[in-house]
Structures are given as structure tokens and as C-alpha cells.
Amino acid sequence: MLNKQKFGLIRNTSFAIQGLTEVFRNESSFKTEVYIFIVCQLVFFLLPVPMLAKAILSTSSFLPLFAELANSAIERNVDLVTMEFDEKAKAAKDAGSAMVFASFIITGVIWFWTAYFLIF
């Protein structure tokens, strides 16, 4: 990679959009998470709570999406290297899945504590 091509902001943005589009089209779990994210954003907007609480809930909703994107990248790279069963490939994919699971746990904890402080 000594002669790595340099791209500008617009070209890099188009690569990012292509990546999002590809993952959205081919990963049903990411698609489901995007739909849940949209519904949550609408609910947060309509909730009669302080703006700070809305910001915390809304921002934390991005965590599972980021984790799912990273997990998809890990899975694609592992599949690129080997399509046969391999313990190390399984471990990499399992670690990616654990990252997604942890992001849901963290988001749930954030939502719980936000709701707790709003109620009490």
C-alpha cells in the first residue's frame, strides 16, 4: 500500500454511502435495527421529556447500528479469507456478534437509567 490513492471528502463520502447501502440491502439484522432506530427517534421526539433526555436516548440509539456495521465488516472479511469452517474464523465472527450484543446491553442500561432519573 505504498502508492495508496488519496481521495477527497466527496469521494470518501460516496464510499461510505455505498457501504451503508450494501449493508442495508444484504443484512436483514441491520435493516431491522434501522427500522427500530427510526421508530425510536420518532418516539423520542414525541415524548414530553427534557431535551437532554431526548438527546441521551437518541444518541445512544446509534450504538447498535455502529456495532452492526463493524460486525458486518468483520463477517465479510472472514468470508473473504475462508469459506470453510475454521475455529479462528468462528471466533472472529462470534466476537463481532458479542460486540453487537454488548451494544444492545449498553443502550438498554442507558435507557433504563435515563428513565429512572426522569421518574424519580
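Since every read-out is calculated from the coordinates, none of them should be taken as a lab result. A quick note: this is a predicted structure, and the numbers were derived from the prediction, not measured. Cβ: placed from backbone, ideal geometry, glycine included. Neighbour counts: every protein chain shown.
Each listed q (0.12, 0.20, 0.29, 0.31 Å⁻¹) maps to a log10 I(q)/I(0) for the range 44-99, found by the Debye formula over equal Cα scatterers with no solvent: -0.44, -0.71, -1.06, -1.13. In straight-distance terms, cross-link reach from LYS54 covers every one of the aspartates and glutamates whose alpha-carbon lies under 20 Å from its own, apart from those fewer than eight places away in the same chain; here that gives GLU33.
If you compute log10 I(q)/I(0) by the Debye sum over Cα atoms at q = 0.11 Å⁻¹ for the structure shown, which of (i) -0.52; (ii) -0.60; (iii) -0.27 do you land on? Given (i) -0.52; (ii) -0.60; (iii) -0.27, the structure-derived one carries the label (i). Listed by chain and number, the lysines placed with their C-alpha closer than 18 angstrom to that of LYS90 amount to none; residues fewer than eight positions away on the same chain are left out. Dividing the summed -39500 (n - 2.57) terms of all DSSP H runs of n ≥ 4 by the residue count of the chain sets its mean residue ellipticity at 222 nm at -28500 deg cm²/dmol. Of the residues SER60, SER14, SER103, the one that moves most in a GNM of the chain with alpha-carbon contacts below 10 Å is SER14. Positive end of the dipole of the range 3-70 (Cβ unit charges, origin at the Cα centre): among GLN41, SER29, GLY19, the Cα lying farthest that way belongs to GLY19. Relative to the longest principal axis of the Cα atoms of the chain, the long axis of helix 62-81 lies at roughly 10 degrees. Exposed loop sites are taken as trypsin sites (Lys or Arg not before Pro) in a DSSP loop (any state but H, G, I, E or B) with at most 13 other beta carbon atoms within 10 Å; the longest stretch of the chain without one runs 7-120.
Please give the helix 9-26 orientation as an angle from the longest Cα principal axis of the chain, in degrees from 0 to 90, rounded to the nearest 10. It works out to around 80 degrees.
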